[in-house]
1. Hey, can you rank 14-26, 78-90, 46-58 by average C-beta count inside 10 Å, highest first?
2. Please compute the volume of the convex hull spanned by the alpha-carbon atoms of the range 3-203 and report it per residue in Å³.
3. So if R0 is 30 Å, what FRET efficiency would residue 30 and residue 148 give, r being the distance between their Cβ atoms, rounded to the nearest 0.05?
């Protein structure tokens, strides 16, 4: 979906998705958990609206986070990666079932985990104040090389994060009323999947 073809539902979703990202991620950050959950809105938007709206959600989420944590500027590109991978997987019905969502989360986690770890290594030398930074520090204490510790902590943390994100999005898609889902640019594809599953159950 191109930026100049966003419908009203997409425009309405963008601020809601940004708020969802910020609120959930702030709770997770305060708890120092080795995950972020700052891209639920990005993935949801990518699935039912496409890459560009999801990228807008991600970049604005990252920009808003700079108010409380200016160092987040280095990680804004990860939102673009998340949006791109989620949009591609969504075209293959990557969020149409629990197992597909699980696999989509793993694939997205690998992509963002590797990218994020490289950023952490280049900017912070492999350490950060997040939960994964703490894990990397522990791995270094037991003798793991700096880049290995950073990569292992980052990828494992990102896979966990993106799997949880994907499953949350999957259940949001299930919870959305059919009439609402159908109004989004790519919502109809998931609506048809839902109807097919219902038809299969009735025929059993």
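Computed from the coordinates by the stated procedures, all read-outs in this text should not be read as laboratory data. The model shown is predicted, which means the values in this text are computed figures rather than measured ones. Cβ: placed from backbone, ideal geometry, glycine included. Neighbour counts: every protein chain shown.
1. 46-58, 78-90, 14-26
2. Taking the convex hull of the Cα positions in the range 3-203, it is 113 Å³ per residue.
3. The computed FRET efficiency comes out at 0.55.
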